[in-house]
Amino acid sequence: MKIIRKIKGMRSFSERLRLKGKKIGFVPTMGYLHQGHLSLVKSVRPLCDVVVMSIFVNPTQFAPDEDFTRYPRDFKRDKKLAEQSGVDVIFYPSSEEMYKKNYLTVVKVKRITEIMCGKSRPTHFEGVITVVAKLFNIVKPHIAVFGQKDAQQAVVIKKMIGDLNFDIKIIISPLIREKDGLAVSSRNSYLSDYERKDALVLYKSLIFAKKEIKNGENSARNIISKMEELIFQKKSVKLDYIYIADPKTLEKVDIIDRRVLIALAAYVGKTRLIDNIIV
Ligand code: AMP
């Protein structure tokens, strides 16, 4: 497995592969790899010749009061896991390499970044979209894979790809959970034992909502308030939002008469977790 730290090196590597007619699959991550990340590699592996994974904790998607400096990092471990899972190249740039001194440009997707996670993290998606656009220009992939775990991010990236005519196929890979249902996340490592137990209520509330819908409940408002009741019982959990929407457009749904995305975000202690389900 190759490790490339410089933009110039990554671009010329990809250029050579493209000249040879090789298909490049791309898995962007912030590292501290877990089963969720590795499942993305598995999804893209059969569709391409070379798998490039980026590991970059992108400072511009964190607000000043968020966890950028304490975000978990372990490159040695990541290297091992990436290699075992079939990654061919890790693109591992520094912040200075990605954002030169006079950096001024951002890419912004309107409207759908102002709801859900965008409400409490108003600068987050601008940071994500900009770095993803930069990574696409550096890695030059044919296919890129993102996780359904970040449902809003997936929709926003697809929108950017379409609107800006990037010639890249986007694949969304299923959400991976721990055995007990908690969505796998690098941020789960922040949770105390007590918080880890309380955090399960997020998945449980989604399963509860699914059952309610199957039993005929079709009012989004009723479902949300019943989910809130469940979540409010856990002392360490502070709900940010529950949102029921069209999975493709994120348009809010009031009466559930088609497939819907039920997405939520909550603070468990100081850790912000997200989860979702499609019903
Ligand atoms: P991150 O390192 O958290 O920025 O995540 C990198 C990629 O992995 C994103 O496309 C995420 O949606 C995806 N991902 C993270 N956790 C999971 C999970 N539990 N299941 C599936 N994909 C995930």
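The values are calculated or read from the model by the stated rules, or taken from the named source; none is laboratory data. All values reported here derive from a predicted model rather than from experimental measurement. Note that we place each Cβ from the backbone using ideal geometry, even for glycine, and neighbour counts take in every protein chain shown.
Structure values in brief
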quantity: Only listed residue being modelled with pLDDT of 95 or more, surrounded by 14 or more Cβ atoms within 10 Å (Cβ to Cβ), among the aliphatic types (A, V, I, L, M) and away from the ligand (no atom under 13 Å from the Cβ), chosen from 55, 7; calculated: 7
quantity: Candidates 112, 138, 172 - the one that is crowded, with 19+ Cβ neighbours inside 10 Å, closer than 27 Å to residue 206 by Cβ and either under 12 Å from the mean Cα position of the chain (by Cα) or more than 12 Å from the ligand (Cβ to nearest atom) (or both); calculated: 172
quantity: Selected residue (only one of 167, 150 is away from the ligand (no atom under 16 Å from the Cβ) and of a type outside the set (Gly, Ala, Ser)); calculated: 167
quantity: Matching residues, region 16-38, being without any contact (Cβ under 8 Å) to a residue 40 or more places away in the chain and more than 7 Å from the ligand (Cβ to nearest atom); calculated: 16, 17, 19, 20, 21, 22
quantity: Matching residues, region 159-168, being surrounded by fewer than 16 Cβ atoms within 10 Å (Cβ to Cβ) and of a type outside the set (A, V, I, L, M); calculated: 162, 163, 165, 167
quantity: Close pairs (7 angstrom Cβ cut-off, 6 or more residues apart or separate chains): over 17 Å from residue 175 (Cβ atoms) and touching a residue at least 40 places away in the same chain (Cβ under 8 Å) in region 143-163, assigned to a helix (DSSP H, G or I) and within 12 Å of the ligand (Cβ to nearest atom) anywhere; calculated: 143/44
quantity: Residues satisfying the stated conditions in region 159-205, i.e. part of a strand (DSSP E or B) and either more than 14 Å from residue 36 (Cβ to Cβ) or out of contact with any Ser or Thr (no Cβ under 6 Å at 6 or more places or on another chain) (or both); calculated: 169, 170, 171, 172, 177, 183
quantity: Residue within region 44-52 that is surrounded by fewer than 19 Cβ atoms within 10 Å (Cβ to Cβ), within 16 Å of the ligand (Cβ to nearest atom), charged (D, E, K, R) and within 14 Å of residue 142 (Cα to Cα) present; calculated: yes
quantity: Residues that are within 28 Å of residue 179 (Cβ to Cβ) and in a helix (DSSP H, G or I), drawn from region 206-225; calculated: 206, 207, 208, 209, 210, 211, 212, 213, 214, 223, 224
quantity: Odd one out for residue 250 among (1) in a strand (DSSP E or B); (2) within 17 Å of residue 152 (Cα to Cα); calculated: (1)
quantity: All positions within region 14-31 that are hydrophobic (A, V, I, L, M, F, W, C) and either loosely packed, with under 15 Cβ neighbours inside 10 Å or not in a loop (DSSP other than H, G, I, E, B) (or both); calculated: 17, 19, 24, 26, 27
quantity: Breaking point among (1) surrounded by fewer than 19 Cβ atoms within 10 Å (Cβ to Cβ); (2) within 16 Å of the ligand (Cβ to nearest atom); (3) touching a residue at least 40 places away in the same chain (Cβ under 8 Å), for residue 178; calculated: (3)
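Yes/no per residue for (1) in contact with a strand residue (DSSP E or B) (Cβ under 8 Å, 6 or more places away or on another chain); (2) over 13 Å from residue 29 (Cβ atoms); (3) buried (at least 17 other Cβ atoms within 10 Å of the Cβ):
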{"site": "65", "(1), (2), (3)": "no, yes, no"}
{"site": "72", "(1), (2), (3)": "no, no, no"}
{"site": "101", "(1), (2), (3)": "no, yes, no"}
{"site": "107", "(1), (2), (3)": "no, yes, yes"}
